[in-house]
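The values are calculated or read from the model by the stated rules, or taken from the named source; none is laboratory data. Fair warning: this is a prediction, and the values are worked out from it, not measured in the lab. As a convention, Cβ positions derive from the backbone with ideal geometry for all residues, glycine included, and neighbour counts pool all protein chains shown. Only protein heavy atoms, including side chains, enter the accessible area calculation; ligands, DNA and RNA are left aside. Shrake-Rupley method; radii C 1.70, N 1.55, O 1.52, S 1.80 Å.
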Amino acid sequence: MGTSSRHDVTSTAAHALLLLLVLMLWPSVAADPGFSCGPSSPSRSLPFCDRSLPASRRAADLVSRMTVAEKVSQMGDEAAGVPRLGVPAYKYWSEGLHGLAFWGHGLRFDGAVRGVTSFPQVLLTAASFDEGLWFRIGQAIGREARALYNLGQAEGLTIWSPNVNIFRDPRWGRGQETPGEDPATAGKYAVAFVRGIQGSSPAGGAAPAPLQASACCKHATAYDLEDWNGVQRYNFDARVTARDLADTFNPPFRSCVVDGGATCVMCAYTVVNGVPACASSDLLTRTFRGEWGLDGYVASDCDAVAIMRDAQRYAPTPEDTVAVALKAGLDLNCGTYTQEHGIAAIRQGKMSEKDVDKALTNLFAVRMRLGHFDGDPRGSKPYGGLGAADVCTAEHRSLALEAAQDGIVLLKNDVGILPLDRSAVGSAAVIGHNADNPLVLSGNYFGPACETTTPLKGLQSYVKNVRFLAGCNSAACGFAATGQAAALASSSEYVFLFMGLSQDQEKEGLDRTSLLLPGKQQSLITAVASAAKRPVILVLLTGGPVDITFAQSNPKIGAILWAGYPGQAGGLAIARVLFGDHNPSGRLPVTWYPEDFTKVPMTDMRMRADPATGYPGRSYRFYTGKTVYKFGYGLSYSKFSHQLVTGGKNPAPNTSLLAGLLAASTDTASYYHVDDIGDDGCEKLKFPAEVEVENHGPMDGKHSVLMFLRWPNATDGRPSSQLIGFRSQHLKAGEKASVRIDVSPCEHFSRAREDGKMVIDRGSHFLMVGKDEWEISFEA
């Protein structure tokens, strides 16, 4: 989701505090959920109330009974009611990025439910590399949304989450909302989260009826810039190659729709190669619906249609702008622009009533699938019984803790300073602006957490004698109490530093200009470490990566943890990791670049390096420069080993079916076209890869097995390596286990040509797990 002047949420902390105060003081409001086709509905005998008919047919019948004015009134995120047909008003915009959120118009927290489960910000959750965990989080958010709907606290069940844009540049303010820089990880996250929130099974299959909630994958496509060097997301023309669209920016959205069954895709503000995303028929119609088979609706980012004229000057008049977007395949405009100018556009012949009918049929079909036209939802299975008791349950609170624990990444642990023995820690100094700030735990797009444990509170549950000093006046750290902090450190047995960023450095509408810790944070950390009796422990709460080279190389900083924005249970999760009640298993879902990377313009969308100009490329797949930490890095308190099993247990793919597929021309004789192999052929090429994993101790713990593919060389635009699959496995100390990763050569062995066509090279491909490799020859 985006914001403009109509939905300005840039003062995140101030708005959140105000909302929380209002909720504390506001009297409880009881209400009934909105629905149609109940016993007293004037339309109960009409076809659109007939549950035996397909949703699309019911939707078409309803739309056919509306006047033009009634139709146009449905084309914004706040859709008017149609009383004569028994259709209530509806609000499409609700958010559930990592828990139900204040943002949007569809949810209220002023009734029986005043707090919801606040899970970690997405980037930290992605660090778990655990699809099952991602599914359960989506499932919990969808369940809580349904509960609010039954209580009359939700005027819609269309949740505009997840954000599966690629975290292309480390300075991007919204990278925290995404699953990271890798398209395969983002795609798998999208599938798991969407299936969970919509009420599907983890394995997929037929779409549930009714949907638990509707998920919307955003923001398609190539959107990853807020405001850099005078270039804003509203006027940025992203020049993106067909190759980068094919193998980096679009795959997560394809997975979201094709495998996850998402019922909505949101188009971004971005202009892509001269055409606004929300005006691109190639994207919205040919790709979303034609190639991917979207069964749902296409929404615009907020005010994106107005921005197409006012900022991007893509069409001459408001009526032309509305018509261009609708004809391209847009169904819903977040905002009022289409509602304001739709009738005039029809009257002027810019678009037809049939164009409107098509869009509304897509919208109402999703509302039909949500059960909003099946009578009172409180009397329907399987969600009718959900209520206040199903929000912030013990299970959901435990899940929030699990997600935070499993995402935390141990970056440094010199001489095994961690885990700590709680009986040996008599006194501790806790220093840092992020130690006792509940808001920093949530990142952005959050709601009222039902409970919150800050890092300071988490440590106080383990250590009795704790003294606290903020050290910095804020994350900006324009002022640092360095002398006071050093004195406190020198008089304490152990020192914990909770530093990092906040939404004042990175958020929607705000990109960073530096990768260093802000202000005087670095000098404060160094001074405290120098004064401390023993090596200090540094915990970083950030969204995006930071250059902490100074801390890597400082022997007085004994351990470093990255804890992202860890949600309501973040403080307890951190403490449990520090004291060994949880063995850290998180692995970085993004590359941590050095400060020198900020010389690269954010506006350069190229993923691949260009040695001729010194352009270093982006992400672990193409970046050729130095790193602070690599993608997938993360330490554990245990030693794990893994080995690819070759031979009988891991049969190579049957490539005999490829005979005859090689093109006759010599320029294509070195590869196979994925399109030529076809769906059936691709299915037959799939094979399992088995990995034996062993925990050598000394602690029980989870381990994420990451399997990569590499080509014999990284020439002709090939990635240096590509993650193709992962599994998270819990092992007791001394235990062995086998994990299976299903390999699909059409998906995993293919690479994008310059024209975006996907091909599989003939010859050797190498599956890699750590330093272990398995060579597979791909020949007919």
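Quick notes
- The lysines whose alpha-carbon is closer than 22 Å to the alpha-carbon of LYS771, local same-chain residues fewer than 8 away aside, are LYS412, LYS626, LYS630, LYS639, LYS649, LYS702, LYS736.
- Among 246-255, 84-93, 308-317, the order from most to least packed when residues are scored by Cβ within 10 Å on average: 246-255, 84-93, 308-317
- Per residue value of the accessible surface for the chain (all protein chains in place, 1.4 Å probe), Å²: 35
- Gyration tensor (alpha-carbon) shape descriptor, the stretch 394-599, a/c threshold 1.5: rounded
- Largest-first ordering by accessible area, 1.4 Å probe, given options LEU459, LEU516: LEU516, LEU459
- For the chain, share of DSSP beta bridges that run antiparallel, in % to the nearest 5: 65
- Entry note, the chain: the mean residue ellipticity at 222 nm calculated from DSSP H runs of n ≥ 4, each adding -39500 (n - 2.57), is -7500 deg cm²/dmol after division by the residues and rounding to the nearest 500.
- Axial C-alpha extent at least 18 Å, average Kyte-Doolittle at least 1.6 - helices from the chain (DSSP): 12-25
- Protein accessible area in the chain, 1.4 Å probe - carbon and sulfur %: 51
- Relative contact order of the chain, pairs being alpha-carbon contacts under 8 Å that are 6 or more residues apart, as %: 14
- Each of LEU517, VAL674, PRO712 was placed along the dipole of the chain (beta-carbon charges, centred on the mean Cα), and the one lying farthest toward the positive end is LEU517.
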